[in-house]
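In what follows, a single structure is set out as C-alpha cells and then discussed.
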Amino acid sequence: MNWSANMPHHDHTPVTVIGLGSMGAALAGAFIDAGYPTTVWNRTTSKAEPLVSKGAVVTQTVREAVAASPFVVVCLSTYDATIDTLEQAGAELAERTLVTLNTGTPDGARRMANWASQHGARFLDGAIKNVPMAVGKPDTLLYYSGDKAVFDEHETALRVLGGDTVHLGEEPDLAALYEMAVGGVLLPSLLAFFQGATYVTARGLRADTLVRYTTKWLEMITSALPHLAKQIDTGDYTGPIGATVGIFEEALVEQRHYGQQERIDISWQAPILDILNRAIAAGHRDHSISALVEVLRKPAQAA
Ligand SMILES: NC(=O)c1ccc[n+]([C@@H]2O[C@H](COP(=O)([O-])OP(=O)(O)OC[C@H]3O[C@@H](n4cnc5c(N)ncnc54)[C@H](OP(=O)(O)O)[C@@H]3O)[C@@H](O)[C@H]2O)c1
C-alpha cells in the first residue's frame, strides 16, 4: 500500500516505535502524550508495560509492529541491531517511512539508508542531541538527514520529539556526521570539569562551588565559536586573536606542574600538549588556537 499517497497527512499519523531502552521509551512516551496512536515493540517485552499503561499497543512481533503504522521510528543501540531486527519485518516496510535514531558512524548511516531503500522504505536518519528526560521539550535538538520530502511530510510528528528539529540535507549520513562532530565535544569538556573538581575537592572545597564559574567559562567558549569557525573556514589564523597556540602551551605546562605537585592524574592532557607542540613545530606558535585544526588534519606519525 502507498501510505504516503493514501494516508491523510493530519497531525496524528499512527506511529510505531521499535526499541524501548531509555531513549526509545522516552520517544514512545512523547508520541503517546501528544495523542498519536502508538504501537511499540521491544526485544525484552516487559519494557513495554509502562507504555501500554499509558495507551500504547504492544505487538509480539516486529512484523506486526511495522505493519501497524505508516511511520516507524527505531531506536536500538546500533545500525547492525536495527538491520537485524527489521529483517524480521519481511516485506512490511515497503512504502513506509523509517526513521532511525541511534548513534553511529556516517558509514553505518549509509549502509542503513541502502538497506532501507532495498526494502522499499522511505528513510530518514536522525540523532538526538539530548538525554531521554529532554525528549518532547521545546528546546530539545534533533537533527535529521535524508529525503527532504519525507522530512517535510512528517515534520509535525518529528517535532513532537523536540522543538529544535532540523533537516541537515539530503545525504543520509549527515546526521551521523554531525553527531560525531558535535558529540565529541562532550567528554573532553566533562573531563576538564572533573579535573577542576579534583583540584578544589583536594583542598576540602565542594565541587558545586565550581559550577557558577565553569558555566561562565563555557559561555565564553560558546561566544568564541563563531570567530574560531571563521578562522578555520578561511584558513587565516593571523587576524584578531583571542589566545595563541603558544599561550595555551604555556598554560598546559603550568597545569602539568600543578597536577604533579598535587599528585592528581592529569595524564589525559599529555596528548593535548603533544598536539600543541606539533602546532608550534609547524610554525603556529603565534597563531590563533584554531590553527590546531591544521595539526589534527594530519594524523600523528604513529597513527
Ligand atoms: N540514553 C541517552 O541519553 C541517549 C542520548 C542520545 C542518543 N542515544 C542513542 O540512542 C540509542 C539507544 O540508546 P538507549 O539509551 O535507549 O540505550 P539502551 O537503554 O541501552 O537500550 C538499547 C535498546 O536497543 C535494544 N537492542 C540492543 N541490541 C539489540 C539487538 N541485537 N536486537 C534487538 N534489540 C536490541 C535493546 O533491547 P532490550 O531492551 O531487549 O535489551 C533496547 O531496546 C543509542 O544509539 C544511543 O547512543 C541515547
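Points worth noting:
- Flag set for V293, criterion: under 24 Å from V182 (Cα atoms) and among the aliphatic types (A, V, I, L, M).
- Look at segment 43-61: where a residue is on the phi > 0 side of the Ramachandran plot and a partner is more than 14 Å from the ligand (Cβ to nearest atom) and of a type in the set (A, V, I, L, M, F, W, C), sitting 6+ places away or on another chain with Cβ atoms under 7 Å, you get G55/I32.
- Listed by first and then second residue, the pairs linking a residue in segment 11-22 that is at negative phi to a residue that is in a loop (DSSP other than H, G, I, E, B) and of a type outside the set (A, V, I, L, M), with Cβ atoms under 6 Å apart and 6 or more places separating them unless they lie on different chains, are H12/G35; H12/Y36; P14/P37; P14/S69; V15/Y36; V15/S69; T16/S69; L20/N42.
- The residue list D286, D265, D236, D274 contains one member that is surrounded by fewer than 15 Cβ atoms within 10 Å (Cβ to Cβ), assigned to a helix (DSSP H, G or I) and out of contact with any Leu (no Cβ under 6 Å at 6 or more places or on another chain), which is D274.
- Segments classed as helices (runs of 4 or more DSSP H), wholly inside segment 134-225, with at least 2 members that are outside the structural domain of A113 (by TED's automatic domain parsing), closer than 30 Å to G35 by Cα and at pLDDT 95 or above: 174-183
- Evaluating K216 against the criteria (1) more than 25 Å from the chain's Cα centre (by Cα); (2) closer than 18 Å to L186 by Cα; (3) among the basic types (K, R) leaves one unmet condition, (1).
- A91 vs. criteria under 15 Å from the mean Cα position of the chain (by Cα) and of a type in the set (A, V, I, L, M): no
- For E92, the conditions (1) more than 27 Å from E171 (Cβ to Cβ); (2) more than 12 Å from the ligand (Cβ to nearest atom); (3) buried (at least 19 other Cβ atoms within 10 Å of the Cβ); (4) without any contact (Cβ under 8 Å) to a residue 40 or more places away in the chain are fulfilled apart from (1).
- Within segment 110-136, residues that are more than 14 Å from L27 (Cβ to Cβ) and touching a residue at least 60 places away in the same chain (Cβ under 8 Å) sit with their Cβ atoms under 6 Å from residues that are within 14 Å of the ligand (Cβ to nearest atom) and not in a helix (DSSP H, G or I), at 6+ positions apart or across chains, in these pairs: M112/T100.
- Residue within segment 245-254 that is loosely packed, with under 12 Cβ neighbours inside 10 Å, touching a helix residue (DSSP H, G or I) at 6+ places or on another chain (Cβ under 9 Å) and in the same structural domain as N277 (by TED's automatic domain parsing) present: no
- Extreme residue, farthest from the ligand (Cβ to nearest atom), among residues of segment 114-131 that are surrounded by 16 or more Cβ atoms within 10 Å (Cβ to Cβ) and in a helix (DSSP H, G or I): A116
- Conditions (1) basic (K, R); (2) farther than 28 Å from T61 by Cβ; (3) within 16 Å of the ligand (Cβ to nearest atom): number failed by R111: (2)
- Identity of the residue in segment 151-173, in contact with a Ser or Thr (Cβ under 9 Å, 6 or more places away or on another chain) and touching a residue at least 60 places away in the same chain (Cβ under 8 Å), that ends up farthest from A121 (Cα to Cα): L161
- Flag if I241 is farther than 30 Å from R203 by Cα and not hydroxyl-bearing (S, T, Y): yes
- Filter result for the condition that a residue is more than 28 Å from Y199 (Cβ to Cβ) and aromatic (F, W, Y), over Y258, Y213, Y237: Y237
- Listed by first and then second residue, the pairs linking a residue in segment 175-202 that is within 16 Å of I221 (Cα to Cα) to a residue that is modelled with pLDDT of 95 or more, with Cβ atoms under 6 Å apart and 6 or more places separating them unless they lie on different chains, are F193/T214.
The values are calculated or read from the model by the stated rules, or taken from the named source; none is laboratory data. Note that the structure is a prediction, hence the values are computed from the model and not measured. No Cβ is skipped: glycine too gets one built from the backbone with ideal geometry, and neighbour counts run over all protein chains shown.
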